[in-house]
Each structure stands twice: as C-alpha cells, then as structure tokens.
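Taking it in order: structure first as structure tokens, then the write-up.
The values are calculated or read from the model by the stated rules, or taken from the named source; none is laboratory data. Worth saying up front: this structure is predicted, and the values here are computed from it rather than measured. A quick note on method: Cβ atoms are made from the backbone with ideal geometry, for glycine too, and the neighbour counts reach across all protein chains shown.
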C-alpha cells in the first residue's frame with residue numbers, strides 16, 4: 001500500500017496495489033479525514049476487484065480543510081495528485097464535501113458513480129441469498145429488512161433497492177436499523193456507515209442473512225459473532241462489485257450489461273456460500289488466490305474496520 005501526501009494542502013491518497021494498471025475509489029474533503037478509514041475503503045475495492053478476477057487496485061483519498069480553505073486546498077491537492085507519474089491510472093469519484101467538478105481531472109471513467117451497476121450487483125447477491133433460503137425451507141414471501149440510506153459513491157440507496165425488488169416475491173420493511181431489528185427477518189440489508197454493527201449489536205440481530213449495501217458496515221467482532229451464530233454474511237466486496245464490473249466493460253470498449261453484472265455477482269456469491277468458514281472467508285480466499293497470480297507483495301489484512 002502506497003500513501004501519497006501533497007505539499008500544497010493537507011491531503012493524501014492511498015493506493016492499495018501500486019502495480020495495478022488502474023486504481024478506483026473516492027476522494028473526500030472534511031475537517032479531518034483519517035488515513036486508517038481511507039485504507040480500509042481502498043482495501044474493500046481491492047478485494048472486490050480480485051473477487052471478480054480484475055487487476056484493479058482500491059484507492060481512497062482525503063483533503064483536510066474547512067471553510068474558506070476548501071477551494072484552494074482542493075485545487076492544489078487535485079493538481080498534485082493528477083501529476084503523479086508513478087501511480088496507476090486513477091478513476092476517483094467525488095465523496096463527502098466534493099463535487100464531480102472538483103475531481104474532474106482524477107475522475108477517469110468515474111466508475112463508482114454508476115448506481116445502476118451497483119444496484120444490479122446487489123440484486124445478484126440477493127438472488128443467491130433468496131435461492132439459498134428457499135432451498136433450506138423458507139416459505140414465500142421472504143422477509144427483508146432494508147436499512148434506509150441515501151447511497152452515494154460506493155453504497156446503494158434504499159430507494160433503488162426497493163424499486164428494483166418490486167417484481168420479487170418478497171416482503172420489504174424499510175426503516176432505521178434500530179426499527180428493523182425489532183422483528184425477525186430472513187435477510188437484513190444494511191450499510192449506512194462503516195462500523196455500523198459491532199459485536200454487541202450483532203448479538204441482538206434476529207436474521208438469517210446479512211447483505212451489505214455499503215462498505216465496512218460490520219466490525220471484525222460483529223462478523224465473528226454472526227458467523228458463529230449461523231448467520232450468512234455476504235461481504236461488501238462481493239455485493240458492491242457491480243461498478244467494478246461495469247468499469248471493466250467500459251474500459252475494454254464493451255457496453256455495460258446490467259443483466260450480466262447481476263448474473264456474475266450471483267455466481268460469485270453462490271460460489272462462496274458453501275465455504276465451511278462462511279461466505280466472507282470463502283470470498284476472501286478466492287480473492288487472495290487471484291491476487292497471488294499477479295501481485296508482487298500481497299496486501300496485509302482483509303477488508304474489515
């Protein structure tokens with residue numbers, strides 16, 4: 001993992017795999033953007049790409065500025081990062097505190113802004129989960145608790161998910177997580193912020209499966225607690241891979257096929273589900289096996305906050 005710091009502003013960019021031809025992620029601006037959080041976000045993208053057989057690095061950056069300092073800091077940081085000769089091709093989306101215009105010179109194919117691809121991938125993951133639950137005796141309709149969230153780069157809005165599920169034989173309850181956990185569900189879709197679910201909250205969840213609609217929603221201890229309890233966890237780096245698949249098609253001059261994204265995601269989740277250590281571990285090991293075929297120095301640590 002490489003961290004680039006700019007001299008014209010208090011800003012940085014983390015690139016997980018510098019040898020990759022392309023690096024995808026977000027650039028954010030706030031009073032204080034923590035590098036640890038940025039590294040975790042970059043790692044999610046790295047594993048997501050690897051899980052789908054793509055030689056792509058995760059990236060994440062931050063510009064620490066507020067008030068009257070923002071415009072000058074953003075302009076200086078973006079100019080410096082754009083001029084870096086040793087980085088992969090950058091494709092960064094505007095995150096918190098920034099507009100697409102601010103990061104135009106770093107946007108490349110702006111892949112993480114593709115909410116249609118993001119929704120298609122998440123639906124593919126949902127397809128696999130529903131098939132699993134139906135095969136183990138769940139009666140229709142499957143009950144889904146959907147955390148209300150706005151979406152944004154790298155996360156899927158609850159409105160988009162609900163609209164896309166309109167033709168499915170499911171019952172969906174939309175609300176805040178605190179409301180959703182009051183009733184048992186077959187599937188809980190959540191991801192409004194990193195570390196949303198810790199081990200204490202995880203112990204109170206009454207659901208058969210958790211599907212990530214945003215990055216890093218479960219802590220390491222939460223993952224362990226839920227897996228031990230027999231809950232199926234579809235990791236964020238599988239469920240949120242749609243934009244990466246769309247990017248790969250666009251980069252290679254192919255049309256972005258939303259149905260293909262859905263099918264590819266469903267196949268990846270179905271492949272990881274039978275792993276004896278759980279879906280997260282199965283998907284992580286598959287991603288690592290792919291990275292080992294081309295990465296000189298393997299990244300240390302899996303994508304968990």
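Odds and ends about this structure:
- Top-ranked residue in the stretch 106-138 [being over 19 Å from residue 241 (Cα atoms) and touching a strand residue (DSSP E or B) at 6+ places or on another chain (Cβ under 9 Å); ranked as modelled with the highest pLDDT]: 132
- Some residue of the stretch 256-272 being surrounded by fewer than 17 Cβ atoms within 10 Å (Cβ to Cβ) and closer than 16 Å to residue 232 by Cβ: yes
- Check on residue 247, closer than 22 Å to residue 42 by Cβ, outside the structural domain of residue 146 (by TED's automatic domain parsing) and either free of Cβ contacts under 8 Å to residues at least 40 places away in the same chain or in a helix (DSSP H, G or I) (or both): no
- When residues of the stretch 274-301 are limited to those that are farther than 21 Å from residue 2 by Cα and surrounded by 18 or more Cβ atoms within 10 Å (Cβ to Cβ), the one farthest from the chain's Cα centre (by Cα): 278
- Every test in (1) over 21 Å from the mean Cα position of the chain (by Cα); (2) free of Cβ contacts under 8 Å to residues at least 24 places away in the same chain is passed by residue 107 save one, and that test is (1).
- Some residue of the stretch 119-127 being more than 20 Å from residue 209 (Cβ to Cβ) and touching a residue at least 40 places away in the same chain (Cβ under 8 Å): no
- A count restricted to the stretch 23-41 and to residues that are more than 17 Å from the chain's Cα centre (by Cα) and either under 28 Å from residue 252 (Cα atoms) or assigned to a strand (DSSP E or B) (or both) stands at 2.
- Hits in the stretch 206-225 - residues which are surrounded by fewer than 24 Cβ atoms within 10 Å (Cβ to Cβ) and in a helix (DSSP H, G or I): 220, 221, 223, 224, 225
- Residue list for the stretch 197-217, filter: free of Cβ contacts under 8 Å to residues at least 40 places away in the same chain and farther than 15 Å from residue 126 by Cα: 197, 198, 199, 200, 201, 202, 203, 204, 205, 206, 217
- Criterion (free of Cβ contacts under 8 Å to residues at least 40 places away in the same chain, in contact with a strand residue (DSSP E or B) (Cβ under 6 Å, 6 or more places away or on another chain) and farther than 25 Å from residue 15 by Cβ) met by exactly one of 100, 141: 141
- A single member of 48, 60 is part of a strand (DSSP E or B) and within 30 Å of residue 260 (Cα to Cα), and it is 60.
- Considering the stretch 227-244, the residues that are assigned to a helix (DSSP H, G or I) and touching a residue at least 12 places away in the same chain (Cβ under 8 Å) include one that is nearest to residue 23 (Cα to Cα), namely 244.
- Qualifying residue in the stretch 264-271 (condition: in contact (Cβ under 8 Å) with a residue 12 or more places away in the chain and either in the same structural domain as residue 25 (by TED's automatic domain parsing) or at positive phi (or both)): no
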